There are 2 protein chains.
Amino acid sequence: MISALNETHDSRTRSWVAGANDSGSDFPIQNLPFGVFSQRQGGEARVGVAIGDQVVDIAACNERGLFYGEAAEAAHACRADSLNALLALRPRCWTALRRRLFEVLRQEAAPEERQRVRLLPMSDVEMLLPARVGDYTDFYASIHHATNVGSLLRPENPLLPNYKWLPVAYHGRASSLVPSGTPLRRPKGQIRENPNAPPVFGPSRRLDYEAEAGFFVGPGNRLGEPVPIGTAEEHIFGLCLVNDWSARDVQAWEYQPLGPFLAKSFATTLSPWVVTLEALAPFRMPLASRAEGDPQPLPHLFDPDDQRYGGIALTVEVWLSSSQMRQAGIDPMLLSCGSLADLYWTIAQMLAHHTSNGCNLRPGDLLATGTISGAANSARGCLMELTRRGAEPVTLPTGEPRQFLENGDEVILRGYCQRPGAARLGFGECRGIVLPSS
Amino acid sequence: MISALNETHDSRTRSWVAGANDSGSDFPIQNLPFGVFSQRQGGEARVGVAIGDQVVDIAACNERGLFYGEAAEAAHACRADSLNALLALRPRCWTALRRRLFEVLRQEAAPEERQRVRLLPMSDVEMLLPARVGDYTDFYASIHHATNVGSLLRPENPLLPNYKWLPVAYHGRASSLVPSGTPLRRPKGQIRENPNAPPVFGPSRRLDYEAEAGFFVGPGNRLGEPVPIGTAEEHIFGLCLVNDWSARDVQAWEYQPLGPFLAKSFATTLSPWVVTLEALAPFRMPLASRAEGDPQPLPHLFDPDDQRYGGIALTVEVWLSSSQMRQAGIDPMLLSCGSLADLYWTIAQMLAHHTSNGCNLRPGDLLATGTISGAANSARGCLMELTRRGAEPVTLPTGEPRQFLENGDEVILRGYCQRPGAARLGFGECRGIVLPSS
């Protein structure tokens, strides 16, 4: 199910690249996440790997003869403006490329190898969407989120009967996926706050974020051929952060009976770096939320290894900065902090379930977890939960109250994995600032 | 809102192409629908136009110098394995191409022009998906369907309060769109028929079809820039038939609270020919289902022209052929017959609503109407409605009862427009046969 621990996870290994060994760096040599960049000075977009405060230009390294065998095959797929060609390859090509990079980026690499590594400062590049996403699917895998939201909408019946039997999901909108840093126009929509009056059309007044993790499909499956749970992770390349912006007032009015539509489709923000499942191996752990007495997953969702490795200890933080805070020189405020290990369903279960009816996944498809919330109040991954639908506003350092997002608010997701004995891996940031409606 | 009637709609015009003037032909010279074909003998897929029982190979005609100006620009986009490049052009390029084809295909065309037309018999080509669909959205635009289904699920409250205020929709799955003729593997899924027992995983026992029309987006809109209702049709290229196969038992268990997911994503079948909105101009009419006293659409959905032209008199028939029927040499049986004019929402309203939150549509995106049902029992566009969820089975000519689809059943959708004084336009067929679960 998961790669055996190997030298690329050794926390003692250091790199010769600037910034990679700083204790606060998101991108030590043990990480090596993939993304798509373009140079600010111009030129074609292509695939890069982050290390320290630098980006490795994989295609350029390949031209300099840095790779061979399956690593070269993978590097060849990196001369592209998306990860899709790389994702379509066999996972062992990804592994070969990552191992070769580890070899040439570590402190002990020979000078002639170092010379073949083409590095660009992160400050000189712009990060784009990691992939051309064919289909985007959003799950609802946090039982805490489902329960919290359910309590607000259906106090007598917060968790629906299907929740513990299958990973609930809906199809999302692929066209409006945007890379971190893209400003967000406050959506307009139809809203009916007073059930005795007609609905009105106007700017959403209950704009929210949702802190999620996304995972990219590597090799796909053919239509009609489900992926067994035991091999589901072989179809997953890696993870990023996702902000599934949501207009709660639009959602409340439109979502019956077919689910969320315009409440979500105006924008979904992705962090640019995709951390490979291989890099995450040291952070696998049991999922924390499946309780004694809960039903055992049906066979198509049951993997005995999940009891040890089903979860990933990825912490996802939400930070907020208001326009007043920035003017006063105040740093962003931490709103919440959740963990992927608190989900009820594993990423393998989500993927296996998705294909269980024969639905085909394609390289570059994006699956996301849904809002990551935990049992603690401080682990509530959206404002709807954090403020009890506005009833208990958050107070910002400027004294401003927040029920939902205001214009000028910037939401910043940060993610990282850390545990004693392992190098800390970061996911970078997923940012977006709210602009007024046009 | 709609093109003025012009000579390409003149019902007296005849063509020199075999079969085009037959009274039963779906593809007279007034139609000229677009699709993507490959020759059975091999060669690259490319764009074709149907006439009679022939396909015009547009790129080959262009090489022979048949087109000039904007028609040539459109023809140039037809050397492609999808309609996407053509859809991305200005609508007047589509018009120029269609008019030039009309000119050279009519009886009066000069021999030297006829010689430049490259025709292939339909029997020599295989039809593929018309477009690479970036996102597929399925609406719920028939108030009769919504009411019929609602009565079965919520007898006390069949039509939800939002129905008459906005066109309800959900995001569908783009990866599993398949062309007409693709066999359908009966999906497995999680089903809970007995609420006092655990759910089980197995082949769906309530497999259904849904007779719909789909429409393809031409030029898209930028993220954050809604399309006004008054210009929405400029973003619509044309229509096809859609069978949104549905596993009702899977749907009933999974769909709360986020809507349909695996109950629909195993396959959706499209007819291969896209009939242009321009060809449909003679068949525009008022929508029939908006009743006195219903709310006036809010401004972003209100177009005064809808009272005359909002609907399209497209008849959609559903035919069924069982394996026993085919063995006995019995022709398919007509199950139902509905009309697009019975919808509650126009295609322009669906498109404008879709973008009203700023969501971007891209050329080749597919929007579908949802099941087309009318007020009459004979106009119920799925078995769920037709058999009252299995309570009133349909009897086939062999005496077989049908509550839901059985293995070996073939469902055939046929669509056409006809009215006195206009040439009859057909949509061809949308077919699929049910195979057993693997």
Inset, instruction - Under 6 Å between Cβ atoms, at least 6 apart or on separate chains: pull out the pairs that start in segment B:378-395 with a residue that is open to solvent by 30 Å² or more (accessible area, probe 1.4 Å) and end on any residue that is assigned to a loop (DSSP other than H, G, I, E, B). - result: B:393/B:387; B:393/B:403
Inset, instruction - Please enumerate the residues belonging to segment A:176-190 that are away from chain B (no Cβ under 11 Å) and more than 18 Å from residue A:408 (Cα to Cα). - result: A:179
Legend entry - Residue satisfying all of: in segment A:196-208; part of a strand (DSSP E or B) and farther than 27 Å from residue A:412 by Cα; nearest to the chain's Cα centre (by Cα) among these: A:201
Inset, instruction - Give just the number: which of (1) surrounded by fewer than 24 Cβ atoms within 10 Å (Cβ to Cβ); (2) part of a loop (DSSP other than H, G, I, E, B) does residue A:103 not satisfy? - result: (2)
Legend entry - Considering residues of segment A:277-293 that are within 23 Å of residue A:376 (Cα to Cα) and either at pLDDT 95 or above or touching an Asp or Glu at 6+ places or on another chain (Cβ under 9 Å) (or both) only, the residue farthest from the other protein chains (Cβ to nearest Cβ): A:283
Inset, instruction - Identify the single condition in (1) open to solvent by less than 10 Å² (accessible area, probe 1.4 Å); (2) modelled with pLDDT of 95 or more; (3) within 23 Å of residue A:143 (Cβ to Cβ); (4) of a type outside the set (Ser, Thr, Tyr) that residue A:299 does not satisfy, given that it satisfies every other one. - result: (1)
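Return the residue satisfying two criteria in turn: it lies in segment A:362-376 and is within 13 Å of chain B (Cβ to nearest Cβ) and out of contact with any Pro (no Cβ under 7 Å at 6 or more places or on another chain), and of such residues it is farthest from residue A:175 (Cα to Cα).
So in segment A:362-376, the residues within 13 Å of chain B (Cβ to nearest Cβ) come out as A:362-368, A:370-371.
So of that shortlist, the ones also out of contact with any Pro (no Cβ under 7 Å at 6 or more places or on another chain) come out as A:362, A:364-368, A:370-371.
Working: A:362: 16, A:364: 13, A:365: 12, A:366: 12, A:367: 15, A:368: 15, A:370: 18, A:371: 20 Å.
It comes out as A:371.
Does residue B:213 count as part of a loop (DSSP other than H, G, I, E, B) and at pLDDT 95 or above? Give the steps one after another, and end with the answer.
Details: part of a loop (DSSP other than H, G, I, E, B): no; at pLDDT 95 or above: yes.
Criteria not met by residue B:213.
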Inset, instruction - Taking residue A:183 as meeting all but one of (1) under 16 Å from residue A:271 (Cα atoms); (2) surrounded by 19 or more Cβ atoms within 10 Å (Cβ to Cβ), write down the number of the exception. - result: (2)
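Is there a residue being farther than 30 Å from residue A:211 by Cα and without any contact (Cβ under 8 Å) to a residue 12 or more places away in the chain anywhere in segment A:92-108?
Quick first cut of segment A:92-108, residues farther than 30 Å from residue A:211 by Cα only: A:92-93, A:96-97, A:99-108.
In the following step, the residues that additionally are without any contact (Cβ under 8 Å) to a residue 12 or more places away in the chain were identified as A:103, A:108.
Checking segment A:92-108: at least one residue is farther than 30 Å from residue A:211 by Cα and without any contact (Cβ under 8 Å) to a residue 12 or more places away in the chain.
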Inset, instruction - Among the numbered conditions (1) open to solvent by 30 Å² or more (accessible area, probe 1.4 Å); (2) among the aliphatic types (A, V, I, L, M); (3) closer than 17 Å to residue B:33 by Cβ, tell me where residue B:125 comes up short. - result: (1)
Inset, instruction - Say whether the condition of being surrounded by fewer than 21 Cβ atoms within 10 Å (Cβ to Cβ) and closer than 19 Å to residue A:147 by Cβ is met by at least one residue in segment A:315-322. - result: no
Legend entry - Index of the failed condition, residue A:193 passing every other in (1) closer than 29 Å to residue A:279 by Cβ; (2) in a loop (DSSP other than H, G, I, E, B); (3) more than 10 Å from chain B (Cβ to nearest Cβ): (1)
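Could you please let me know if residue A:329 is open to solvent by less than 10 Å² (accessible area, probe 1.4 Å), over 27 Å from residue B:357 (Cβ atoms) and at pLDDT 95 or above? Break it down stepwise before answering.
Values: open to solvent by less than 10 Å² (accessible area, probe 1.4 Å): no; over 27 Å from residue B:357 (Cβ atoms): yes; at pLDDT 95 or above: yes.
In short, no.
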Legend entry - Breaking point among (1) within 10 Å of chain B (Cβ to nearest Cβ); (2) closer than 30 Å to residue A:404 by Cβ, for residue A:225: (2)
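Of the residues B:42, B:52, which is touching a helix residue (DSSP H, G or I) at 6+ places or on another chain (Cβ under 9 Å) and closer than 20 Å to residue B:120 by Cα? Lay out the reasoning, then the answer.
On the way: B:42 fails: touching a helix residue (DSSP H, G or I) at 6+ places or on another chain (Cβ under 9 Å).
After applying the criteria, what remains is B:52.
For (1) away from chain B (no Cβ under 14 Å); (2) hydroxyl-bearing (Ser, Thr, Tyr); (3) surrounded by fewer than 22 Cβ atoms within 10 Å (Cβ to Cβ); (4) out of contact with any strand residue (DSSP E or B) (no Cβ under 9 Å at 6 or more places or on another chain), each residue gets a yes or a no:
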{"position": "A:349", "(1), (2), (3), (4)": "no, no, no, yes"}
{"position": "A:360", "(1), (2), (3), (4)": "no, no, no, yes"}
{"position": "A:417", "(1), (2), (3), (4)": "yes, no, no, no"}
{"position": "A:421", "(1), (2), (3), (4)": "yes, no, yes, yes"}
{"position": "A:425", "(1), (2), (3), (4)": "yes, no, no, no"}
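Quick grid of which residues meet (1) open to solvent by 10 Å² or more (accessible area, probe 1.4 Å); (2) over 21 Å from residue A:174 (Cβ atoms):
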position	(1), (2)
A:215	no, no
A:220	yes, no
A:223	yes, no
A:230	yes, yes
A:238	no, no
A:242	no, no
A:248	yes, yes
A:260	no, no
A:265	no, no
Legend entry - Odd one out for residue A:193 among (1) in contact with an Asp or Glu (Cβ under 9 Å, 6 or more places away or on another chain); (2) closer than 28 Å to residue B:161 by Cα; (3) at pLDDT 95 or above: (3)
Inset, instruction - Among what's in segment B:198-209 and is under 26 Å from residue B:387 (Cα atoms) and either in contact with a His (Cβ under 7 Å, 6 or more places away or on another chain) or open to solvent by 10 Å² or more (accessible area, probe 1.4 Å) (or both), pick the residue that is nearest to the other protein chains (Cβ to nearest Cβ). - result: B:201
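Answer with yes or no whether residue B:65 is open to solvent by 10 Å² or more (accessible area, probe 1.4 Å) and farther than 30 Å from residue A:260 by Cα. Talk me through it step by step, then tell me what you get.
Numbers: open to solvent by 10 Å² or more (accessible area, probe 1.4 Å): yes; farther than 30 Å from residue A:260 by Cα: yes.
Taking the combined requirement at face value, the residue satisfies it.
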Inset, instruction - Would you confirm whether any residue within segment B:23-38 is at pLDDT below 95 and open to solvent by 30 Å² or more (accessible area, probe 1.4 Å)? - result: yes
Inset, instruction - Any chance you could count how many residues in segment A:128-164 are within 22 Å of residue A:375 (Cβ to Cβ), open to solvent by less than 40 Å² (accessible area, probe 1.4 Å) and not in a strand (DSSP E or B)? - result: 13
Inset, instruction - For segment B:278-290, indicate whether the set of residues that are touching a strand residue (DSSP E or B) at 6+ places or on another chain (Cβ under 6 Å), under 30 Å from residue A:146 (Cβ atoms) and of a type outside the set (A, V, I, L, M) is non-empty. - result: no
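Hey, any hits in segment A:116-136 for a residue that's modelled with pLDDT under 95 and either touching a Leu at 6+ places or on another chain (Cβ under 9 Å) or more than 9 Å from every other protein chain (Cβ to nearest Cβ) (or both)? Let's see the steps before the verdict.
Going residue by residue through segment A:116-136, those that are modelled with pLDDT under 95 are none.
Taking every residue of segment A:116-136 in turn, none turns out to be modelled with pLDDT under 95 and either touching a Leu at 6+ places or on another chain (Cβ under 9 Å) or more than 9 Å from every other protein chain (Cβ to nearest Cβ) (or both).
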Inset, instruction - Look at segment A:244-272 and say how many of its residues are in contact with a helix residue (DSSP H, G or I) (Cβ under 7 Å, 6 or more places away or on another chain) and facing chain B (nearest Cβ under 10 Å). - result: 4
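The values are calculated or read from the model by the stated rules, or taken from the named source; none is laboratory data. Worth saying up front: this structure is predicted, and the values here are computed from it rather than measured. So basically every Cβ, Gly included, is an ideal-geometry build from the backbone, and we count neighbours across all protein chains shown. The area values use the complete protein model at the heavy-atom level, side chains included, leaving out ligands, DNA and RNA. Shrake-Rupley method; radii C 1.70, N 1.55, O 1.52, S 1.80 Å.
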